């Protein structure tokens with residue numbers, strides 16, 4: 001569905017099905033599984049920001065693709081709700097990443113002791 005490094009500017013809302021979020025240079029590592037109601041691709045709405053992960057459909061999916069032009073054409077209240085949800089998601093993902101990083105550091109510290 002999405003290839004890491006791609007340059008399109010669109011956010012996807014997953015309406016049906018599930019997808020895998022992967023990242024890697026030589027071997028893809030699964031970062032997450034997203035299901036109906038989740039969204040992905042939000043970072044690509046930032047100008048000149050290439051896709052950072054690959055998205056693979058795990059089942060048959062239906063998505064709502066919102067490119068930057070479409071987002072701007074929505075009424076202001078809807079734009080604000082989408083933008084707020086994107087910020088909430090980014091904060092949650094950053095928090096999850098920090099927890100995983102702390103866990104890895106603690107495991108490495110324990111292994112050295």
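Where a number appears in this text, it was derived from the coordinates with a stated rule and is not lab data. Nothing here was measured: the structure is a model prediction, and the numbers come from that model. With ideal geometry, Cβ positions are generated from the backbone for all residues, glycine too; neighbour counts draw on all protein chains shown.
If I take every Cα pair under 8 Å that is 6 or more residues apart in the chain, average their sequence separation and divide by the length, what percent do I get for the relative contact order?
30
What is the extension gain from residue 65 to residue 27, computed as 0.36 nm multiplied by their sequence separation minus the C-alpha to C-alpha distance, in nm to one decimal?
10.9 nm
Residue separation times 0.36 nm, minus the C-alpha to C-alpha distance between residue 112 and residue 8: what's the value?
Stretched out fully, the residue 112 to residue 8 stretch lengthens by 33.0 nm.
Tell me, 112, 58, 92 in order of fewest to most beta-carbon neighbours within 10 Å?
112, 92, 58
Looking at the square roots a ≥ b ≥ c of the eigenvalues of the Cα gyration tensor of the range 1-73, which shape do they give, rounded for a/c under 1.5, prolate if a/b is larger than b/c, or oblate?
In terms of gyration-tensor shape, oblate.
What is the distance in Å between the Cα centres of the range 1-51 and the range 78-93?
15
In degrees between 0 and 90, to the nearest 10, how far off the longest principal axis of the chain does helix 76-112 point, with axes built from Cα atoms?
10
Sort 4, 59 so that the residue with the fewest other Cβ atoms within 10 Å of its own Cβ comes first and the one with the most comes last.
Fewest-to-most ranking of 4, 59: 59, 4.
Based only on other Cβ atoms within 10 Å, what is the fewest-to-most ordering of 44, 73?
73, 44
So, in nm, how far is label residue 105 from label residue 80 when the simple model puts each one 7 Å beyond its Cα toward the Cβ?
Spacing of the two 7 Å Cα→Cβ label points: 3.8 nm.
What percent do you get for the relative contact order of the range 1-58 when only Cα pairs under 8 Å and 6+ apart count?
The value is 51 percent.
Suppose R0 equals 22 Å. What FRET efficiency, 1/(1 + (r/R0)^6) with r the Cβ-Cβ distance, do residue 91 and residue 58 give to the nearest 0.05?
Step by step, r from the Cβ atoms, then E = 0.30.
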